[in-house]
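Worksheet: the structure to be examined is printed underneath.
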Amino acid sequence: MKTIIKYVMLDLLRNRIVLAYTIILLIISFGVLNMDANTTKGVLSLMNITLIFIPLVSIIFSTIYVYNSSEFLELLVAQPLKRKTLWLSIFCGLALSLSLAFLTGVGIPVMLYEFTATGWMLLLSGFFQTLIFTGIALLASVKTRDKAKGIGIAVLLWFALTLIYDAVVMLLLFQFSDYPLEKPMIVFTMLNPIDLSRVLMLLKLDISALMGYTGAVFHEFFGSGMGISVSLAVLLLWTVVPLWFSLKQFQKKDL
Amino acid sequence: MIIASNVTKTFGKLKALNNVSVTCNRAQTIALIGPNGSGKTTLIKTILGMVVSDSGFITFDKHNILHDWKYRERIGYMPQIGRYPDNMSIAQLMRMMKDIRKSSFVLDEELIEAFGISKMANKKMRTLSGGTTQKVSACLAFLFNPDVLILDEPTAGLDPLSSELLKQKIIAEKEKGKLILITSHILSELDDLVSEVIYMQDGSIQFHKSLEQLREDTGQVKLAGAIAQVMKER
């Protein structure tokens with residue numbers, strides 16, 4: 001498995017996109033954190049960028065990469081290798097390179113300017129976003145043979161999780177505003193990895209007071225050790241489940 | 001050595017393999033012949049585990065290949081159209097394959113020398129011509145000195161000289177008692193290579209005979225004539 005991860009990472013380094021991604025993240029992070037004397041505000045802006053930009057890059061780049069390495073996959077499937085090893089190596093290679101890029105590009109500036117629990121939470125959630133959306137990308141690309149269709153599905157999934165999901169939840173909130181929705185809101189938040197990361201971080205920023213009663217309920221749940229562990233477990237589940245489905249699909253795919 | 005039992009594979013509505021059963025033994029050289037789209041490549045890919053059959057099973061040395069991936073260590077495969085990572089050079093590709101196999105087998109670099117591959121080791125795979133890619137595929141198939149060689153149209157796209165070199169190499173391997181499976185549309189070059197003939201049509205095997213038997217049945221000396229006769233009769 002190590003051999004193949006090595007070759008995937010070498011290949012990724014050679015095409016320089018990951019390097020460009022790291023540099024862009026570095027520029028954005030330093031820029032945003034330097035803009036205001038109050039770095040907490042900077043971290044808040046950085047969070048918003050991270051939660052939109054990181055999933056998008058991870059999902060699109062990984063989808064295209066898997067399609068472009070169809071020759072590589074075809075070649076290696078005929079070799080004495082387990083399909084499982086091959087697929088997990090592709091995932092590890094991609095996830096490792098992208099999260100390394102993130103941890104360098106955002107991690108270094110955050111560690112320099114905001115070495116706090118909030119900063120750590122930002123890095124942790126960015127790291128999870130990378131893993132989760134790489135997994136979803138693998139699932140999208142193994143399900144469809146057509147490259148354009150696969151990339152389209154990947155973009156739609158990203159769109160659904162960043163915008164459409166929130167819009168639907170908002171709509172439900174307004175429709176049922178007569179009922180107590182605080183508890184269901186926790187569940188809705190759990191179901192979307194981006195929202196979950198956002199809430200976890202907002203609570204670390206102590207501005208949950210601005211969110212009224214819901215914020216208090218959130219604070220009570222996500223602030224507790226139990227809530228944090230459940231959230232991390234859900235994020236982990238979001239990483240493992242798409243990857244597992246993609247693996248099942250890859251094991252019976254004809255190449 | 002390789003036994004396929006009632007293997008069926010459908011792609012959508014198309015039945016690519018229809019209840020195929022075949023037995024291949026050590027020291028046989030088998031020609032897999034049939035019109036375009038008769039399922040030859042699909043059969044080969046199923047044996048290699050690249051295509052997963054809908055029903056039926058294949059065993060390699062009595063092990064079902066579905067649960068066992070190690071058997072591929074003993075197969076050298078030369079695809080019809082070799083597709084390789086674009087931005088790798090020949091040398092990098094060879095190194096990667098050696099890295100993956102980590103084999104204790106003695107490497108067989110005879111073809112690499114014969115084709116003069118080392119002279120262009122630094123060329124990227126995407127810049128290679130079709131024929132050169134074919135040569136690289138051939139080198140990789142023979143490199144690990146495998147017990148079984150599966151060659152899908154090995155000489156298609158090769159110049160006459162290289163084609164002859166490859167043929168000599170196949171004969172040399174045959175003499176070592178290896179199982180060799182060849183598909184080709186150039187029947188004349190199979191004459192002095194093969195010992196058995198499998199004829200496929202529309203995804204099923206029409207017959208599996210030894211070359212002498214086929215010659216006897218059709219009264220033709222050349223394989224091309226014999227096959228032409230068979231096709232006419234059907």
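The values are calculated or read from the model by the stated rules, or taken from the named source; none is laboratory data. From a predicted model like this one, the values you see are computed outputs, not experimental measurements. Neighbour counts run over all protein chains shown; Cβ positions are idealised from the backbone, glycine included. Accessible surface areas use protein heavy atoms only, side chains included; no ligands, DNA or RNA. Shrake-Rupley method; radii C 1.70, N 1.55, O 1.52, S 1.80 Å.
Among the residues of the range B:107-123, the ones that are open to solvent by 70 Å² or more (accessible area, probe 1.4 Å) and touching a strand residue (DSSP E or B) at 6+ places or on another chain (Cβ under 8 Å) come to 2 in all. With a requirement of 1 or more residues that are among the hydroxyl-bearing types (Ser, Thr, Tyr), open to solvent by less than 30 Å² (accessible area, probe 1.4 Å) and under 15 Å from A:SER29 (Cβ atoms), the helices (runs of 4 or more DSSP H) lying completely within the range A:95-183 that satisfy it span A:117-143.
Of all residues in the range B:88-106, those that are at pLDDT below 85 and either on the phi > 0 side of the Ramachandran plot or open to solvent by 50 Å² or more (accessible area, probe 1.4 Å) (or both) total 4.
Those residues that are of a type in the set (A, V, I, L, M, F, W, C), crowded, with 16+ Cβ neighbours inside 10 Å and within 20 Å of the chain's Cα centre (by Cα), I need them from the range A:243-255; list them, please.
Answer for the range A:243-255, where residues must be of a type in the set (A, V, I, L, M, F, W, C), crowded, with 16+ Cβ neighbours inside 10 Å and within 20 Å of the chain's Cα centre (by Cα): A:LEU243, A:PHE245, A:LEU247.
Could you say which residue among A:LEU44, A:LEU19, A:LEU13, A:LEU75 is touching a helix residue (DSSP H, G or I) at 6+ places or on another chain (Cβ under 9 Å), modelled with pLDDT under 95 and surrounded by 21 or more Cβ atoms within 10 Å (Cβ to Cβ)? Unique residue meeting the criteria: A:LEU75.
Can you tell me which of B:ILE170, B:ILE117, B:ILE186 is farther than 30 Å from B:ILE100 by Cβ, in contact (Cβ under 8 Å) with a residue 12 or more places away in the chain and among the β-branched types (Val, Ile, Thr)?
Answer to the check: B:ILE186.
Restricting attention to the range B:147-157, the residues that are at pLDDT 90 or above and open to solvent by 10 Å² or more (accessible area, probe 1.4 Å) total 2.
Taking the listed residues B:LEU181, B:LEU214, B:LEU158, the one that is among the hydrophobic types (A, V, I, L, M, F, W, C) and in contact (Cβ under 8 Å) with a residue 40 or more places away in the chain is B:LEU181, with no other qualifying. Within the range A:117-128, can one find any residue that is more than 17 Å from the chain's Cα centre (by Cα) and touching a residue at least 12 places away in the same chain (Cβ under 8 Å)? Scanning the range A:117-128 turns up at least one residue that is more than 17 Å from the chain's Cα centre (by Cα) and touching a residue at least 12 places away in the same chain (Cβ under 8 Å). Residues in the range B:1-17 that are away from chain A (no Cβ under 14 Å) and open to solvent by less than 60 Å² (accessible area, probe 1.4 Å): B:MET1, B:ILE2, B:ALA4, B:SER5. Being surrounded by fewer than 18 Cβ atoms within 10 Å (Cβ to Cβ) and modelled with pLDDT of 80 or more holds for only one residue in A:VAL240, A:VAL199, and it is A:VAL240.
Apart from one condition, A:ILE90 fits all of (1) within 13 Å of chain B (Cβ to nearest Cβ); (2) out of contact with any Ser or Thr (no Cβ under 9 Å at 6 or more places or on another chain); (3) not hydroxyl-bearing (Ser, Thr, Tyr); the exception is (2).
For A:ILE59, the test of being surrounded by fewer than 19 Cβ atoms within 10 Å (Cβ to Cβ), under 23 Å from A:THR144 (Cβ atoms) and touching a residue at least 24 places away in the same chain (Cβ under 8 Å) is failed. The set of residues in the range B:170-180 being open to solvent by 10 Å² or more (accessible area, probe 1.4 Å) and in contact with a helix residue (DSSP H, G or I) (Cβ under 9 Å, 6 or more places away or on another chain) consists of B:ALA172 alone. The residues on offer are B:TYR77, B:TYR71, B:TYR84, and the sole one that is surrounded by 14 or more Cβ atoms within 10 Å (Cβ to Cβ) and touching a residue at least 60 places away in the same chain (Cβ under 8 Å) is B:TYR77. The one condition from (1) under 15 Å from the mean Cα position of the chain (by Cα); (2) closer than 24 Å to B:ILE227 by Cβ that B:LEU17 does not meet is (1).
Residues that are facing chain A (nearest Cβ under 10 Å) number at least 1 in the following helices (runs of 4 or more DSSP H) confined to the range B:22-121: B:40-48, B:90-101.
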